[in-house]
Amino acid sequence: MNPFFNLWLIPILPLAGAAINGFFGKRSSKQTVSVVGLLFPGAALAWALWVAAHFSSPSLPYQEFIAHWIRSGSFTADFALYLDQLSLVMLLVVTGVGFLIHIYSVGYMWDDPGYYRFFAYLNLFMFFMLTLVLANNYLLMFIGWEGVGLASYLLIGFWFTKDSAASAGKKAFIVNRIGDFGFLIGLFLLIQHFNSLDFAKVFVSVTHLPAGAGTESLLTTIGILLMVGACGKSAQIPLYVWLPDAMEGPTPVSALIHAATMVTAGVYMVARSHVIFERAPSALTVVAIIGTLTAFFAATIGIAQTDIKKVLAYSTVSQLGYMFMACGVGAFSAGIFHLMTHAFFKGLLFLAAGSVIHAVDGEQDMRKMGGLRSYIPWTFLTMGIATLAIAGIPPLAGFWSKDEILWKAYSGPHGSWVFWLIGIVTAFITSFYMFRLLFMTFFGEYHGSKVDAHGRVSRRRGHDNHAHGEPHESPMVMLVPLMILAVLSLVGGLVGIGNRFEDFLAPLFGSVEVSEAAGETASRFAEYVLMGVSIGVAILGFILAYVLYVSRPYLPQRIADSLNGLYVAVVNKYYVDELYASLFVKPLIDGSTHILWQGVDRKVIDDTVNNAADGARHVSDEVRHMQSGNVRSYAGWIAAGAAGVIAYMVWLGVGR
């Protein structure tokens, strides 16, 4: 490995951009802000590509020491970076997709008064995300982990004058703290039992632990606690509720944070910790179950959503569930493969949705769109490619990674036909709701314009304020990133042909995943059959969506009316938010309900702080009676104390 890689420059460059725009952007022109906002993450991408070009597998992992950090007895934690096959994949995804989204943001956010602030936040996010994926120990990873949480809070609540945006930012921050609590406890257990948080040291120690129930119990506990942290960051059941609300942020935020990079941090952390999970099969099973249920549950909600970004939000939750399912059945390479392809097509879907919203003056309700393919043909073409990719239509990127996950879910060392069945049903639902989105948005007649008696066109403004008259195509600064991501969505999955991607990651995961040469129980014929089923359900989803939303558009309402209560429940996301509000939010904040806690915040925390003075006075009133100035009283207290000491000594003697 080249000793002059200077990996530290890759995260530092976006940090410099964030500092420059943050401190001086308000007094600078938008052109200057744009140059700074693009130059530094672009330089980080260029440096990452140079690292990848000089990458040498045999000499990995490569560690780069930066500075001493914590020294406590024999425990140490340094600022140091770590490069191997896994972190290289994440590095290229974060810098590559992130830079394209930065370019897109120039056009999308140009008219926003907080333009400089937006780019400062984007650059800051890049710094923390790169710190997370390059860290060589769990503690530095946790710094990046919390940093992306902070950046997410700032970007989701970017339009902080809107109550919905401010609330969404707070919700994301708080829900992630719940997951982080489990993550921290897991780190404390690692320190207690292995006296280190360094990846290399921890994994070597885990490998040399003696087999037995005690070891498995310890690693299962640590694995489940790490998984809790991953559930918060990667929006898995039951901590997924923050991600759909996070759509209140500008659309580039949705693409960068909630599709391509931040939400995959939990998947990355589980894959990075594979040495722990492979020796804790119970923890792996929990990961697989959580991922499978999340994939199916979120997909069913996406069927009935009418906000174009909400459909994509629940799709993101569902696809993250696929990644968790892959990791849970021991197919870590397949999970990372889907993480990469998902960054391409989901980033494209969100950016294309932003182009649609830009075209229709900020409208996000798909029922008020339709017929847009003639107005915005390039957006339609690129979004169509992304839809085919996520639906699993060959030979696009999503087909290869999703098929790999479904095959491993069926045949892997920890797989089961149950995981495969739920996964294949979810694939059908995914294809249906994504083609539903495409047909409602681009086919039929345009429903967004209302023409008055004078022939003037008026439309309701949505969240992203743009006013440019009739629907129109986005500028080239927004379309070029769409085109690049469309190409990646077309060909990005080809790296998986012949198990090349799996072979690339084999130095990390090869000992976990069972190869065909080692004797898979399922035959090659079965793999082709299951692949055919996967393609079949994707096509079936397309056909059903076409019939309901193009051929017979009156049918969806009839079906909804016939389903009645079930449809209402799905539209309202199974009332999970309302349930959480009743069980946790209201009791903790205002005490208006008495289900679990009777207003812990108001009755306990506030009363403890506000009544501290009265409490101290009452205690002092009682204690001062001991200081009476009476000699006999003092003698009595001395005698009582001596009796207590003697009694304690006698008790110790009897105990021996």
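Let me check I've understood the local charge: for residue 61, count other residues with C-beta under 12 angstrom from its C-beta, Lys and Arg +1, Asp and Glu -1. What total comes out?
Value of the local net charge: -2.
Rounded to the nearest 10 Å², what accessible area does residue 529 show when all protein chains are kept and the probe is 1.4 Å?
70
If R₀ is 56 angstrom, what is the calculated FRET efficiency for the pair residue 215 and residue 564, using the beta carbon separation as r and rounding to 0.05? Each step should come with its number before you reach the end.
Numbers: r = 53 Å, r/R0 = 0.94.
Rounded to the nearest 0.05, the efficiency is 0.60.
Suppose the chain between residue 539 and residue 207 were pulled fully straight at 0.36 nm per residue; how much longer would it get relative to their current alpha carbon spacing?
115.0 nm
What size of dipole, in debye to the nearest 20, comes out for the chain about its Cα centre when the only charges are +1 on Lys and Arg C-beta atoms and -1 on Asp and Glu C-beta atoms?
My answer is approximately 740 debye.
At 0.36 nm per residue, minus the direct Cα-Cα distance, what do residue 494 and residue 552 gain on full extension? Give it in nm, one decimal, please.
Result: 17.2 nm gained on full extension.
I need the per residue convex hull volume for the range 148-258, using only the alpha carbons, in cubic angstrom as a whole number.
Values: hull volume 11.5 nm³, N = 111.
Spelled out: Cα convex hull of the range 148-258, divided by residues, is 104 Å³.
So who's got an amide H within less than 5 Å of the one on residue 447, skipping anything under 5 residues away but keeping other chains? H placed 1.01 Å off N, in plane.
Distant-sequence amide H within range of residue 447: 369, 370.
Which percent of the accessible heavy-atom area of the range 73-229 goes to carbon and sulfur, probe 1.4 angstrom?
Result for the range 73-229: 70 percent of the exposed heavy-atom area is carbon or sulfur.
Using heavy-atom solvent-accessible surface (probe 1.4 Å) with all chains present, what is the largest-first order of 436, 279, 27, 367?
Accessible-area ranking of 436, 279, 27, 367, largest first: 27, 367, 279, 436.
For the range 390-451 and the range 143-168, what is the centre-to-centre distance using only Cα atoms, to the nearest Å?
Each part reduced to its Cα centre gives a spacing of 29 Å.
Ranked from highest to lowest mean number of other Cβ atoms within 10 Å per residue, what is the order of the peptides 312-319, 143-150?
Per-residue Cβ counts within 10 Å, averaged per peptide and sorted highest first, yield 312-319, 143-150.
Given labels modelled 7 Å from the Cα in the Cβ direction, how far is it in nm from residue 447 to residue 576?
2.6
With contacts defined as alpha carbon pairs under 8 Å and 6 or more residues apart, what's the relative contact order of the chain in percent?
It comes to 11 percent, rounded to a whole number.
Separation between the residue 160 and residue 185 pseudo-spin-labels, each 7 Å from Cα along Cα→Cβ, expressed in nm?
3.2
Quickly rank 204-215, 409-420, 370-381 as a protection proxy: mean count of other C-beta atoms within 10 Å, highest first. Walk me through the intermediate numbers first.
On the way: 204-215: 11.6, 409-420: 20.7, 370-381: 18.2.
Per-residue mean Cβ counts within 10 Å order the peptides as 409-420, 370-381, 204-215.
Sorting check: for 480-486, 490-496, which peptide has the highest mean count of neighbouring beta carbons within 10 Å, and how do the rest follow?
So the peptides 480-486, 490-496, ranked by packing, come out 480-486, 490-496.
Tell me the per residue accessible area of the range 297-398 using a 1.4 Å probe; a whole number in Å² is fine.
16
For the range 554-564, in order, what is each residue's ³J(HN,Hα) by Karplus, 6.51 cos²θ - 1.76 cosθ + 1.60 with θ = phi - 60°, in whole Hz (x at glycine and Pro)?
Ordered by residue, 3J(HN,Hα) equals 7, 5, x, 5, 5, 5, 4, 5, 6, 6, 6 Hz.
May I ask you to compute the full-extension gain from residue 49 to residue 12, defined as 0.36 nm times their residue separation minus their alpha-carbon distance, rounded to one decimal in nm?
Here the segment from residue 49 to residue 12 would lengthen by 11.7 nm.
Calculated from DSSP H runs of 4 or more alone, at -39500 (n - 2.57) each and per residue, what is the 222 nm mean residue ellipticity of the chain, nearest 500?
Numbers: 28 runs with 429 residues, N = 656.
Value at 222 nm, helices only, nearest 500: -21500 deg cm²/dmol.
In nm, give the distance between the simple-model label positions of residue 417 and residue 634, each being 7 Å from the Cα along the Cα-to-Cβ direction.
8.7
The values are calculated or read from the model by the stated rules, or taken from the named source; none is laboratory data. Small disclaimer: the values here were computed from a predicted structure and weren't measured. Reconstructed Cβ throughout: ideal geometry from the backbone, glycine too, with neighbour counts over all protein chains shown. When the accessible area is computed, the model is the full protein with side chains, heavy atoms only, and any ligands, DNA or RNA have been set aside. Shrake-Rupley method; radii C 1.70, N 1.55, O 1.52, S 1.80 Å.
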